[in-house]
Amino acid sequence: MAIRLPGVHAGNRYPVGVKARDDDEPIKPQYPIESVDNALRILLLLGENRSIRLTEVSEYLSVASSTAHRLLAMLQYRGFVRQAAGSRAYEPGPALTTIAFSILRQVDIRARLHPVLERLSATLGETVHLARLDGNNVTFVDSVESQRAVRVGARLGRVMPAHCTSSGKALLSMVNEDSLRHLYPDANLPALTTHSITKRSELMRQIKEIRKVGFATSAEESEEGVASVAVPLGEYSAARYALNVSSPVGRMTEQTRAEIADELLKVASEVSEFFI
């Protein structure tokens, strides 16, 4: 049996039949906001039709035309709908298109990089993660777990403070100074372990070093007993993803850290075309 390190984790029916699970109805929130619900229902209606008219929205929501018009006006203001040229009908706006392409791109990036994660894990014998920068957090969007008996469990789906992880620090090194100050306005930072960075000044010092060497490291900064190395993927100020190799801290010697960093930097160069 594989042994993982301690503490490492491996209402009303909505329109168009949206379900929380295959066999369950969605659960209505305890304190629903009707205007928000109606706006979202308009978007779902738009997903089923190439265009919609004010009267159709009014009938669909069972609201007055004036209410439907105000909802559509707000969606139009935020770019979620627009009026078709030469018509009073509404069609998908640029904001919806941007969101759709962004989601498709993220799915595509994961699909294209997954074989790379598998290769890295097989070559290095450790758990490999793909992480994305979301503000001052990182979200682990893909992973391949090591086959060793003692290993770091996959963090797939977890969200962690960027400054506490090698992936996060690698990605922060690709953020410009103004954005960094916006992300970290306070001098003190929250900690996940006793090894976490707790001072903004120390984070900035490490970021400068990461920019020089091209990779970031973490030694028990996010979880006790876990060490990692990470590299950003993509160009400066545009990088959103990082590759991370995680291992039990006892296996992360200086030589091993250097070997992992070299391998990750090679892979980052190989996959750079994915981010053009």
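The values are calculated or read from the model by the stated rules, or taken from the named source; none is laboratory data. No experiment lies behind these values; they were computed from the predicted model shown. We place every Cβ from the backbone using ideal geometry, glycine too, and count neighbours over all the protein chains shown. Ligands, DNA and RNA are excluded from the accessible area calculation, which covers all protein heavy atoms including side chains. Shrake-Rupley method; radii C 1.70, N 1.55, O 1.52, S 1.80 Å.
Tabulated results
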item	result
Scan of segment 55-89 for residues that are among the small types (Gly, Ala, Ser), open to solvent by 40 Å² or more (accessible area, probe 1.4 Å) and closer than 16 Å to Ser35 by Cα, ordered by number	Ser62, Ala64, Ser65, Ser66, Ala73
Tabulated pairs, segment 128-149, first of a type in the set (Phe, Trp, Tyr), second in a loop (DSSP other than H, G, I, E, B), C-beta under 7 angstrom, 6+ apart or interchain	Phe140/Arg155; Phe140/Leu156; Phe140/Gly157; Phe140/Arg158
Subset of segment 131-181 [polar (S, T, N, Q), buried (at least 22 other Cβ atoms within 10 Å of the Cβ) and either within 17 Å of the chain's Cα centre (by Cα) or closer than 15 Å to Leu233 by Cα (or both)]	Ser143, Thr165, Ser166, Ser167, Ser173
Residue within segment 98-108 that is at negative phi, modelled with pLDDT under 95 and open to solvent by less than 40 Å² (accessible area, probe 1.4 Å) present	no
Index of the failed condition, Pro115 passing every other in (1) surrounded by 14 or more Cβ atoms within 10 Å (Cβ to Cβ); (2) more than 27 Å from Ser35 (Cα to Cα); (3) modelled with pLDDT of 85 or more	(1)
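Here's the yes/no breakdown for (1) over 18 Å from His129 (Cβ atoms); (2) over 22 Å from the mean Cα position of the chain (by Cα); (3) open to solvent by less than 60 Å² (accessible area, probe 1.4 Å):
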position: Ile210; (1), (2), (3): no, no, yes
position: Ser222; (1), (2), (3): no, no, yes
position: Val226; (1), (2), (3): no, no, yes
position: Tyr241; (1), (2), (3): no, no, yes
position: Pro248; (1), (2), (3): no, yes, yes
position: Thr253; (1), (2), (3): yes, yes, no
position: Lys266; (1), (2), (3): no, yes, no
